[in-house]
1. Rounded to whole Å, give me the distance from the Cα center of the stretch C:376-398 to that of the stretch C:471-533.
2. Just want to confirm a number: the relative contact order over the stretch A:47-119, from Cα pairs under 8 angstrom separated by 6+ residues, in percent.
3. How big is the charge dipole of the stretch B:48-161 about its Cα centre, in debye rounded to the nearest 20, if each Lys and Arg gets +1 on its Cβ and each Asp and Glu gets -1 on its Cβ?
4. Among C:117-123, B:145-151, how do they line up from the highest to the lowest mean number of other beta-carbon atoms within 10 Å?
5. In square nanometres, what is one fourth of the surface area of the convex hull spanned by the alpha carbons of the stretch A:22-119?
6. Of B:Phe26, C:Phe64, how do they rank once you tally other Cβ atoms within 10 Å and put the fewest first?
7. Only counting other Cβ atoms within 10 Å, I'd like C:Tyr185, C:Tyr195, C:Tyr235 sorted with the fewest neighbours first.
8. On a C-alpha basis, how far is the centre of the stretch C:405-439 from the centre of the stretch B:35-68 in Å? Whole number, if you could?
Amino acid sequence: MRVLTVDDSRTILAMLEHTLKAAGFEVLQAMDGQQGLDVLAGSDVDVVITDINMPVMDGIEFIRNVRAKGEHQSLPILILTTETSQEKRDQGRSAGGTGWIVKPFDPAKLVSVINRVVH
Amino acid sequence: MQAFEQRDENDGHDPASGNTMQLIAFLIGEQVYGVEITTVREIRAWNGATPLPNTQEYVRGVINLRGTIVPIFDLRARFGDGITSPTKNHVVVVLSVGEKWVGILVDAVSDILSVSQSDVHGVPEGNNLDSELLNGIVTHDNKMVGLIDLDAIVAGTNTES
Amino acid sequence: MSELDEFKATYFDECSELLAELEEQFIAIQEGDHDADRLNAVFRAIHSIKGGAGAFGFEQLVEFAHSFETMLDFVRDGRVEMSEEVVSLCIRSNDLVADFVGAARDGVELAEDYGAEELAAFKMYAGEEDDAPMEEFDIEFTPVMVQVGDDDQPEKPVSETPCDEERPDSFDTAPMEPGEGEHWYVKLTPFARLYERANDPLLLFRELMELGDARIKANLTKMPPLGDFDPFGVYCNWEVTLASQNTSEEDIREVFEFVEGDCELIVERRNGQVAAELEVAGQDADNGVSELGEQGNQTSVPAVDDQAATGSGQSGEEEGKVVSFADLAAEIEPAPTADAQGGAGEKKASAAPPEPAKKASPAPAKTSAIQTIRVDLEKVDRVVNMVGELVITQSMLTQQMDDRLRAQYQELVRGVEVLAQTTRGLQDAVMAIRAQPVKSVFSRMPRLVRELNAKTGKKIRLEMVGEHTEIDKTIIEQLSDPLTHMIRNSADHGIEQPEDRVEAGKPEEGIIQLSAEQSGGNIIIAVEDDGGGINRERVLNLAREKGVVSADQQLSDEQIDELVFAPGFSTASAVSDISGRGVGMDVVISNIKKIGGSVHVRSTPGKGTRMQLRLPLTLAVLDVMLVEVAGVPYVVPLSSIVETLQCRRAEFGQGPSGRQVLQVRGEYVHVIDLACRFGMTTEVPAKDRFVVLCEAEGGSKVALMVDQIVGQQQVVIKSLEENFRRIGGIAGGTILGDGSVALIVDVQGLKAPKEQQTAA
């Protein structure tokens, strides 16, 4: 099982990596949406976890781009956000986000949420 | 291989001069010949060669050098002094000549010499083979060292006998 | 360093970078650059600092950064103007953020009202938003092992257990504990956008199953006839009965959190037998309710078994009507084209097109595509070479297996046999990598024919057959010139002018057929035309004129035909600029021979000519017979050997010219003593020597006399030309198991000069 994590914060990436690896996932990383698209173009990924606020290409744009590609229409994408407001989350979902994870994330919750969207 | 180790002490011979060249000197009987060290790929003991049919007598055959087939030329025979009867003490010097690798069978590798370009003299006329196969003659420690013209050595083999 | 400390270290590193960046941005902003990108970058940086701080519970920092961020958000969308005041507030605040970060890093407590002034300013600009920027920040980096596969029971995440006893039940409309026969009824009717967001009911049910014994029924009444089936359509809904104690409606709704608004969801607590509930569904069965439990019966996954004990008392009777989730999953999982949405339909309408957009798992879709990588040919060749060496080593090992060894070390022998097999397989596999369809060279030919048509005024159609035949890449590269020459030759000398064709009763348009096919270990490539055939009389006269054959020599038709490939030979009465000047066809031969192939030509007067190239499938490995001549090893390609015999058993005679001939089955075969031929002397008595009967091109035979036959093996062909030159009668070299070099006998080459001798 391979997870692509997209976040411009190295701290978050490191924590995600740790948690996910401990749960037996393989972890790929990208620092912005564009990098995320590049990774997707070159690797098979089972689920994506993406931040919303990122330079170059933000998470919303990223999700939209992923969904625009036929091959990734059924790729689960989880939005990672500190937004307490519903707004960002809804934007992410409209773009095609599958679910969301609220930062700071609880490792167990993170994994159970992934299980909710991945076979 | 041992010869390479001596390189350092010889380097000091004339370090300032850009005209210095280093030769690997080897013996055929009493005669000393040399080739530029940069052309030498490997020095190995004679271990037989597979004869090639219908070639000049100085073509001793071919050997396997790590998967490629390399021809061996008997330098004594090339200079018209008869065929060498090689023993395990004889030496094959593998040289790169243009794109090709060739081996020359000599009696022994004697030294590494640093000589100045200005010490290279023309080949005296008289011996056709010498003028065909040598680039020049260098005097070193009162000995005449024939500089082998590798291209000429190889060129002569390109026709069938 | 603990993991948490490591993350903190990463975080503080990142913070110093972000703070440096922030400072840079604020200075630019101060200088009047209010670019939106700049504001976004500032916003993101603060956001990142806040995010990490939240994770580690640096509450002061979080609070400050949150308010700062909120204000920046207002600035970003223009609700607050980036006035000088605001800029200076930002710069001051940036320093404060640095202070907070530093304090967090050093574990220093700052005064509680540190930065209060700025905080107040933020609130002045952005208003009192919420005072709780984040929830709790308890974070524990205890690795959790959770089964993510679908084969085992997914473990319930411990900390988030929805049925936690202490959790206050916010829904008091229903009693917490369902009594006997009480259960939850869930009905899920997805909208299309549920799938568009990559959610999958199957997974939701899987999660639901963790709450208790879930029985799931797919309702397919809306499934259209196949003809109207829209692969993206949504036709399915599901009803679930969940027998579980301690499960609140909230717990169930939480499972469906991500699909809220993307589906119609009914969650109800119901009483009565589960059976009764499902009776309705059972009645619908004829109308298209799919019974997924047909073969599933009551087999529940172990996960449910515990809880099943509580609820299964009621469910015993609905065999065949309902099915536990596990069965549903079992139905769906093995077929990658079936998904939770279409999965149920898959049974009824198994011919339903797959639903690419809604495939439950992305993985199968990807594996079905052929994936390719580009590899440097040199790398492939290195593998080819090493495999070649391996083949040699293996055949050397096999050679060493004498009877004594076979008897004594059976395991070893078996191992060597397996090695031989594996090596063969490896070799084939590697060769397949190098193989390419001949199409790549064939495809250049139509253009050539068009040009030839234009030049000659002839009407020629090129037909191509078998262009997908695969052959070693190196051979393909060597094919272009020979094929070009052969087609030119056919166009120039073979196909007649249109008027001549009509006169001969042929269609105006001539046909050149270019074909490729595999035949055993060879590839046959042929250029065949329906032209006038080779004018043998003219060819023979010309050959005599040019001294290629002697005046009195009698040649068979075949031999005359082959003359077109003789060096320096051209049949065009007027040398045309198409087929060239007698260079060409002999080039074909030498090119093809170089790659181990042979050329044949057959012609029928008035009907046409067929020129055929026989090429090896691969250049890398050659099956040979190892022989010895005067103590020197030689190898003869096995493909050219007809048979071997001892000299003492062979019948020799004298040919017309006094040469030795071998009489074999009524045929006289020219004998070549390899020792003589290669200028060596052998001490082996004639009667102890061997004859290797070979077949050269065109079916003519030649007998090679050798001292000893050592055995058969495979060798890798090595070039003599790479460091030396070509030698007559030798096709190349090879390296034997002991590291020595053996030469490969060129049967055709040995024969040819002799013929020329007789011809002269």
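1. Between the Cα centres of the stretch C:376-398 and the stretch C:471-533 lies a distance of 36 Å.
2. 32
3. On the way: 7 positive and 14 negative charges, 104 e Å.
About 500 debye.
4. B:145-151, C:117-123
5. Its Cα hull, projected and averaged over all orientations, spans 6.0 nm².
6. Going from sparsest to densest Cβ surroundings: B:Phe26, C:Phe64.
7. Listed from fewest to most nearby Cβ atoms, that is C:Tyr185, C:Tyr235, C:Tyr195.
8. 33
Where a number appears in this text, it was derived from the coordinates with a stated rule and is not lab data. What you see is a predicted model; the values in this text were computed from it and never measured. Every residue, glycine among them, receives a Cβ derived from its backbone with ideal geometry; neighbour counts consider all protein chains shown.
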